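Here's the structure we're looking at; comments come further down.
The values are calculated or read from the model by the stated rules, or taken from the named source; none is laboratory data. Just so it is clear, the structure is predicted and the values come from calculations on it, not from any experiment. Ideal geometry is used to build each Cβ from the backbone, glycine not excepted, and the neighbour counts take in all protein chains shown.
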Amino acid sequence: MYVAISLDIDPDANSAVEGRHDALSSPIEYGEIRVDACKKGLQKILELLEKYDIDATLFYEARTAQMLVADGMDLPKLSERHEIACHSLKHEDFLGKVSGIPMEKKSIEESIDKAKEILVKIFEREIKGFRAPYTRINRTVVKVLEQLGFQYDSSETVTLGTGWAGKPYPLEAFDSSLMELALPSFRDAKGKKMSSYLWAIFEGRRIFSEYIDAVVQARDIAKQGLFVFSIHPWHLYVDCRGNQFGKNQARKNLENLESIFSQLKQILGIHILRQNEYLEAWLEEKDSN
Ligand SMILES: [Zn+2]
């Protein structure tokens with residue numbers, strides 16, 4: 001089985017807001033966008049990835065990337081070994097689920113196109129992958145991604161085991177041939193549903209070994225499949241309401257994350273790689289059959 005570590009690099013404790021397309025940092029009453037915790041968390045995670053020699057996939061919200069660069073971070077250098085992918089322009093609520101104002105095709109197109117342009121300018125790299133804010137996509141978003149030349153989306157969550165073995169699939173449900181690299185969901189030892197987003201660790205609700213157990217279990221179900229982990233860098237230092245974690249919790253979060261990276265490296269029969277790398281190899285193999 002293959003494992004990908006992906007980061008959604010977006011504003012601290014971001015939240016969709018009624019009446020506007022873009023997201024704000026919580027508490028939204030302040031009307032602010034903050035990236036302090038994101039910056040700290042991203043620096044730490046990139047250090048850990050280096051330490052464990054892991055290539056990851058970085059889904060950058062374009063606005064956050066701009067703010068981090070303006071804040072003195074050398075993102076192109078820090079991201080060199082990783083895949084650069086897109087996580088929208090300003091964390092738009094495309095479907096209008098919270099904003100109450102679903103976006104028209106034209107404005108979705110403008111915002112994703114602009115996001116891509118900003119990321120290409122900063123990183124001078126090709127952008128192939130997309131993850132939607134709140135992992136919410138629909139037919140319009142998928143069509144736009146296809147038109148803008150994206151190769152894959154990674155927003156859907158699918159249950160591992162019941163007919164899905166972690167393989168890429170075309171988004172036929174949206175009349176599209178865009179490939180999907182879905183996020184897995186699965187059951188913990190007690191049968192409770194779990195996702196591969198690590199937020200539950202950072203909120204003190206789960207421990208690292210539960211994720212390692214999940215990978216070991218998935219290894220047999222998803223033999224040539226991909227198990228995608230996802231992390232919000234800010235979540236190491238603030239909770240989803242925007243409150244700073246105490247020193248102890250922040251230290252625990254880092255330890256938990258480091259344990260995941262170090263244990264993943266030791267599990268037999270898994271290979272950690274970037275999402276684009278996995279997809280390319282998979283497509284090649286499919287072509288040769
Ligand atoms: Zn996000």
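Remarks
- Residue count for region 16-33, restricted to those that are touching a residue at least 24 places away in the same chain (Cβ under 8 Å) and in contact with a Leu (Cβ under 9 Å, 6 or more places away or on another chain): 4
- Taken together, Asp93, Asp53, Asp12 contain a single residue that is surrounded by 19 or more Cβ atoms within 10 Å (Cβ to Cβ), out of contact with any strand residue (DSSP E or B) (no Cβ under 8 Å at 6 or more places or on another chain) and not hydrophobic (A, V, I, L, M, F, W, C), which is Asp93.
- Filtered residue count, region 172-191, keeping only those that are outside any strand (DSSP E or B) and over 22 Å from Asn253 (Cα atoms): 11
- When residues of region 158-188 are limited to those that are surrounded by 14 or more Cβ atoms within 10 Å (Cβ to Cβ), over 13 Å from Tyr278 (Cβ atoms) and touching an Asp or Glu at 6+ places or on another chain (Cβ under 6 Å), the one modelled with the lowest pLDDT: Asp188
- Considering residues of region 234-244 that are touching a helix residue (DSSP H, G or I) at 6+ places or on another chain (Cβ under 7 Å) and more than 13 Å from Ser15 (Cβ to Cβ) only, the residue surrounded by the fewest Cβ atoms within 10 Å (Cβ to Cβ): Tyr237
- Note on region 232-269: residues that are in a helix (DSSP H, G or I) and aromatic (Phe, Trp, Tyr) amount to 2.
- Taking region 108-135 as the range and being among the basic types (Lys, Arg) and crowded, with 17+ Cβ neighbours inside 10 Å as the test, the residues that pass are Lys116, Lys128, Arg131.
- Members of region 15-39 found to be surrounded by fewer than 21 Cβ atoms within 10 Å (Cβ to Cβ) and aliphatic (A, V, I, L, M), listed by number: Val17, Ile28, Ile33
- Of the residues screened, Gly100 is not one that is without any contact (Cβ under 8 Å) to a residue 60 or more places away in the chain and of a type in the set (Gly, Ala, Ser).
- Of note, Ile137 satisfies the criterion of being part of a loop (DSSP other than H, G, I, E, B), in contact with a helix residue (DSSP H, G or I) (Cβ under 8 Å, 6 or more places away or on another chain) and within 16 Å of the ligand (Cβ to nearest atom).
- Count of region 103-128 residues, restricted to those that are more than 13 Å from Pro76 (Cα to Cα) and part of a helix (DSSP H, G or I), is 13.
- Scanning region 92-119 for residues that are closer than 15 Å to Glu61 by Cα and touching a Ser or Thr at 6+ places or on another chain (Cβ under 8 Å) returns Glu92, Asp93, Phe94, Ile108, Ser111, Ile112, Ala115.
- When region 141-157 is filtered for residues that are more than 17 Å from the chain's Cα centre (by Cα), surrounded by fewer than 18 Cβ atoms within 10 Å (Cβ to Cβ) and more than 13 Å from Ile127 (Cα to Cα), only Gln147 remains.
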